[in-house]
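Encoded as structure tokens, the structure appears first; notes follow it.
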Amino acid sequence: KSAESGAGLYFTYMIFEKIEFYESLWTGKTSIYRNYTKTKENVFNLKKYIDEHVETRCLTHIDAVPDNFLFTLDGDIRLIDWEYAGMQDPHVDIAMFGIYSFYNREQIDNLIDFYFQGKCSDAVRLKIYCYVAICGLLWSNWCEYKRNLGVDFGEYSLRQYRYAKDYYKIFMEETNEGR
């Protein structure tokens, strides 16, 4: 609704800067993933496509994990935990919801189709795939930072990193750039 209302903040959530920020907090400054440097390079190469396809920025939650949706007894839905919120492309929240839910490609496509009522352009779908890859790397880096603090997210961290790798490849295949 914020895209329609025009509500906004002075703070823009800069995903690529946050990826770098969490990486800077790692002890030893190296990733646990042996191919991290190449994966990061690939993900950062998606920035050009995103920049060319962002139509609007609005108040975006950024942490659209299913647990942050409260269903009230009177039938309303409330979105809580706004600590990461900022101005951003609203399509980021679609990608975030999908990766937090551990959705596979078919489920992410179903989520996109549901959100857009079957009318999502190929360009927007590809942009959301880019966000899946980018946000996967973001949260993987966050997990590595937390791991250095003694908090291990195990499978969650690995799956986020896999989104970065897999959705970069999907984007490349879908745009015929990977051939």
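Just so it is clear, none of the values below were taken in a lab; they were calculated from the coordinates. Computed from a prediction, not measured in an experiment: that's the story for all the values here. As a convention, Cβ positions derive from the backbone with ideal geometry for all residues, glycine included, and neighbour counts pool all protein chains shown.
Quick notes on this structure:
- Modelled label positions at ILE77 and LEU25, each set 7 Å beyond Cα in the direction of Cβ, lie 2.9 nm from each other.
- Inter-site label distance for PHE116 and ILE32 at 7 Å from Cα along Cβ, in nm: 3.5 nm
- Max mean-square fluctuation residue, GNM over the chain, Cα-Cα springs under 10 Å, options LYS165, LYS48, LYS146: LYS48
- Between LYS47, LYS127, LYS38, the GNM of the chain built on Cα springs shorter than 10 angstrom shows LYS38 fluctuating the most.
- Per residue, the convex hull spanned by the alpha carbons of the range 1-109 comes to 155 Å³.
- The alpha-carbon positions of the range 76-170 define a convex hull whose volume is 118 Å³ per residue.
- Candidates ASP113, ASP93, ASP166, ranked by Gaussian network fluctuation over the chain, Cα under 10 Å, top entry: ASP113
- Potential lengthening between MET172 and ASN104 on full extension [0.36 nm per residue; Cα-Cα distance subtracted]: 22.7 nm
- Pairs beyond 22 Å (Cα-Cα), from LYS146/LYS169; LYS18/LYS40; LYS18/LYS165; LYS18/LYS119: LYS146/LYS169; LYS18/LYS119
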